[in-house]
1. From (1) buried (at least 24 other Cβ atoms within 10 Å of the Cβ); (2) assigned to a helix (DSSP H, G or I); (3) of a type outside the set (Lys, Arg); (4) more than 11 Å from the ligand (Cβ to nearest atom), pick out the condition that doesn't hold for residue 107.
2. When you look at residue 252, is it modelled with pLDDT of 95 or more, more than 25 Å from residue 62 (Cβ to Cβ) and among the small types (Gly, Ala, Ser), yes or no?
3. Report the residue count in region 257-294 for those that are outside any helix (DSSP H, G or I) and among the β-branched types (Val, Ile, Thr).
4. Considering only region 184-194, state which residues are within 13 Å of the ligand (Cβ to nearest atom) and either part of a loop (DSSP other than H, G, I, E, B) or under 22 Å from residue 278 (Cβ atoms) (or both).
5. Tell me yes or no: at least one residue of region 298-321 is out of contact with any His (no Cβ under 6 Å at 6 or more places or on another chain), among the hydrophobic types (A, V, I, L, M, F, W, C) and part of a helix (DSSP H, G or I).
6. Among the residues of region 202-243 satisfying the criterion of being of a type in the set (Lys, Arg) and outside any loop (DSSP other than H, G, I, E, B), which is nearest to the ligand (Cβ to nearest atom)?
7. In region 328-366, how many are in a strand (DSSP E or B) and over 21 Å from residue 101 (Cβ atoms)?
Amino acid sequence: MNQQISSFIREFRSHISSDSFVPLHEPTMNGNELKYMTECVESGWVSSVGSYVNLFEERLASYTGVKYAIAVNNGTAALHVSLRLAGVTKNDEVLLPSLTFVATANAIRYLDAIPHFIDVSESELTVDTQKLSIYLEKTAVKRSNGTFNKFSGNQIKAIVPMHTFGHPVQMDELMSLADHYNLNIIEDAAESLGSTYKNRQTGSMGMLSAVSFNGNKTITTGGGGAILTNDSELAKRARHLTTTAKLPHRWSYDHDEIGYNYRMPNINAALGVAQLESLDELIRKKRMLHSVYQSFVSVIPGIELIKEKEYSRSNYWLQTIRLNDVNAIEDWLLGLNEAGIMSRPVWTPLHELPMYRDCPKDDLIHTEKLKKVLINVPSSSSLFKETNP
Ligand SMILES: *Cc1c(COP(=O)(O)O)cnc(C)c1O
């Protein structure tokens, strides 16, 4: 094992209290979680209706600064319904980074639409808006009824920016580009709850946004997600579609279209209300974790820690190191995981997966480079002892 890897392991271990295995991300639950869930169980309101769902939605909307939040059973469902409400239908193309979790592309395919992969910026890890602008100039043609892909003939209807590991996309540039090409923006804010871009919360800038509360995210509801929007009509439609399109009535079961059973159960929302109360504290700890990492990563040659940009404040969901050497990642992953420090590379870029290999795409040079040099390292908010770095 090389010198840098062993220094990293030694420094990492010096900041934690045990020698045991360290997972990549663990939930922190030391607030009112048990109390609220017990109330749920005792009242019998554990399923798809109940007061915690409403409370969770209200508090989430207020936290993120949007008018409406609709709680659903996972982040993928939130993306699926958001894309449908943005008018995405069969054979429409939807722009998204190839460097994202597979759920972003899957949600597009659920609508028989076509993922169209774009590159990310090497330093930001999120959609490279400058490169996208050049690409669209070559690839897209604007007509009175929308923007079309010159080569496939399909309409390009929407774009899904994703705030990678909690780091916000440069939304101003992206929004003006989307505006120019008439593309609806669906923010994939699954990883970035609490991150801000120029003081605006991620998830508050798209036509609709999707958040995830899976067990490995910054806060969790066990499994869960939410759709965020400022548009009252879209909020109403989202609520309707995720509740099997049931028409409200005291006893009749009537449905006016094909909907989904996507609503968040009350017991999960109870967990969510408690977690939301801790969100600011969890982010504070994640930011402290980042500065502890920074204190030792910055003196190890050949690696650097990914930092937030001056226009943003990251929730630092996952801490990420970047290797200078494009041939070193296997050694690092082996070294860290053997030492009980769970670490992983970024996702295999989606355009390399068998089901997405034939999708339209820009050249993905930065994405292909990044997959060889990025490693996520343990990021639980309560990982390091509370000390000043
Ligand atoms: C976690 C995640 C999702 C999906 O959320 P689930 O709640 O797991 O369905 C979607 N997109 C990204 C980028 C994610 O990280």
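The values are calculated or read from the model by the stated rules, or taken from the named source; none is laboratory data. Just so we're clear, the structure is a prediction, and the values are computed from it rather than from any experiment. Glycine also receives a Cβ, built like all others from the backbone with ideal geometry; neighbour counts cover every protein chain displayed.
1. All conditions are met except number (4).
2. Against the criterion (modelled with pLDDT of 95 or more, more than 25 Å from residue 62 (Cβ to Cβ) and among the small types (Gly, Ala, Ser)), residue 252 does not qualify.
3. Residues that pass the stated criteria total 1.
4. Scanning region 184-194 gives 189, 190, 191, 192, 193.
5. The answer is no; no qualifying residue exists.
6. Of everything passing the filter in region 202-243, 239 is nearest to the ligand (Cβ to nearest atom).
7. The qualifying residues number 1.
Yes or no, residue by residue, for (1) in contact (Cβ under 8 Å) with a residue 60 or more places away in the chain; (2) within 14 Å of the ligand (Cβ to nearest atom); (3) closer than 22 Å to residue 169 by Cα:
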| position | (1), (2), (3) |
| --- | --- |
| 66 | yes, no, yes |
| 72 | yes, yes, no |
| 76 | yes, yes, yes |
| 96 | yes, yes, yes |
| 101 | yes, yes, yes |
